[in-house]
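Undergrad: Structure provided below as structure tokens; questions to follow.
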């Protein structure tokens, strides 16, 4: 069986520290991190990311600043290979920045230990990928159960939560079907249910409609907007689709390693976001 990351259940420690790191989380203030009502849920401050290949240094992110409020849908656009996935991986604690800081709920995210980052990925964040990352030998129900099982919930509770999530995204009648028996849109709905099962405050979606036809893409994006309205979940969605990007509350264009915000009406959204 493939590991958690291969099936969209991202629980591996980010690069740069060993899985057995014994660092201890700093004690939170009494009552948890201090966060005013108007404070952003997520803040990226001067994020940089470099990769080294021999003597060559590739600077992917060059000081990204980004904010996201609770319950907000924000689009992230930019050319292929510009660093959108790299940025999402850092914001989701799957990788570490070379420099800069990420704050979530007022807390410095990377001040956590590896165990603390694992709890963050399990409880606070949901991930949705372009190619679904479902385990082919498992049913839709079993795939959606996986994050709950990682939180050590009983199989009975995980099964009930997964069935509820699958019903919420419109595939409650496909619980016993394996991925090969589902359409692309249905597979992505299963992946979204898997992301929802632990009630995250933020879902990071990396080209979630990139492998779907235009009509199905619109259905999936409208599902995100419904989940935003009904559950108050925030979404940061990397996309090449201009029309879908315009449905977000606002957005950023990643260019030259920086995140440039769109205005509220997306008047400065480029004609081509690819």
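Undergrad: On the given criteria, is residue 151 surrounded by fewer than 19 Cβ atoms within 10 Å (Cβ to Cβ) and closer than 23 Å to residue 175 by Cβ?
TA: yes
Undergrad: Within segment 116-155, track down each residue that is assigned to a helix (DSSP H, G or I) and touching a residue at least 60 places away in the same chain (Cβ under 8 Å). Don't jump to the end; show me each part of the working.
TA: Pass one, segment 116-155, residues assigned to a helix (DSSP H, G or I): 116-123, 140-150, 155.
116, 117, 118, 121, 122, 123, 143, 146, 147, 150 - these are the residues of segment 116-155 that are assigned to a helix (DSSP H, G or I) and touching a residue at least 60 places away in the same chain (Cβ under 8 Å).
Undergrad: Any idea how many residues of segment 159-173 are surrounded by 18 or more Cβ atoms within 10 Å (Cβ to Cβ) and in contact (Cβ under 8 Å) with a residue 24 or more places away in the chain?
TA: 7
Undergrad: Which one of these is modelled with pLDDT of 55 or more, within 17 Å of the chain's Cα centre (by Cα), farther than 22 Å from residue 210 by Cβ and assigned to a strand (DSSP E or B): 58, 43, 74?
TA: Values: 58 fails: within 17 Å of the chain's Cα centre (by Cα); 74 fails: farther than 22 Å from residue 210 by Cβ.
It is 43.
Undergrad: Suppose the filter is within 19 Å of residue 87 (Cβ to Cβ), modelled with pLDDT under 90, over 18 Å from the mean Cα position of the chain (by Cα) and surrounded by 14 or more Cβ atoms within 10 Å (Cβ to Cβ); does residue 255 pass it?
TA: Working: within 19 Å of residue 87 (Cβ to Cβ): yes; modelled with pLDDT under 90: no; over 18 Å from the mean Cα position of the chain (by Cα): yes; surrounded by 14 or more Cβ atoms within 10 Å (Cβ to Cβ): yes.
So residue 255 fails the test.
Undergrad: What's the total number of residues in segment 69-103 that are surrounded by 19 or more Cβ atoms within 10 Å (Cβ to Cβ), under 24 Å from residue 231 (Cβ atoms) and touching a helix residue (DSSP H, G or I) at 6+ places or on another chain (Cβ under 7 Å)?
TA: Looking only at that region, the number is 7.
Undergrad: If you check residue 66 against the conditions, is it closer than 30 Å to residue 212 by Cα, at pLDDT 95 or above, touching a helix residue (DSSP H, G or I) at 6+ places or on another chain (Cβ under 9 Å) and assigned to a strand (DSSP E or B)? Working first, answer last.
TA: Values: closer than 30 Å to residue 212 by Cα: yes; at pLDDT 95 or above: yes; touching a helix residue (DSSP H, G or I) at 6+ places or on another chain (Cβ under 9 Å): yes; assigned to a strand (DSSP E or B): yes.
In short, yes.
Undergrad: In segment 129-141, which residues are more than 20 Å from residue 210 (Cβ to Cβ) and crowded, with 19+ Cβ neighbours inside 10 Å?
TA: 139, 140, 141 - these are the residues of segment 129-141 that are more than 20 Å from residue 210 (Cβ to Cβ) and crowded, with 19+ Cβ neighbours inside 10 Å.
Undergrad: All but one of (1) under 25 Å from residue 256 (Cβ atoms); (2) modelled with pLDDT under 95 hold for residue 99, so report the exception by its number.
TA: (2)
The values are calculated or read from the model by the stated rules, or taken from the named source; none is laboratory data. Fair warning: this is a prediction, and the values are worked out from it, not measured in the lab. Quick reminder, even Gly has a Cβ in these numbers, built from the backbone with ideal geometry, and neighbours come from all protein chains shown.
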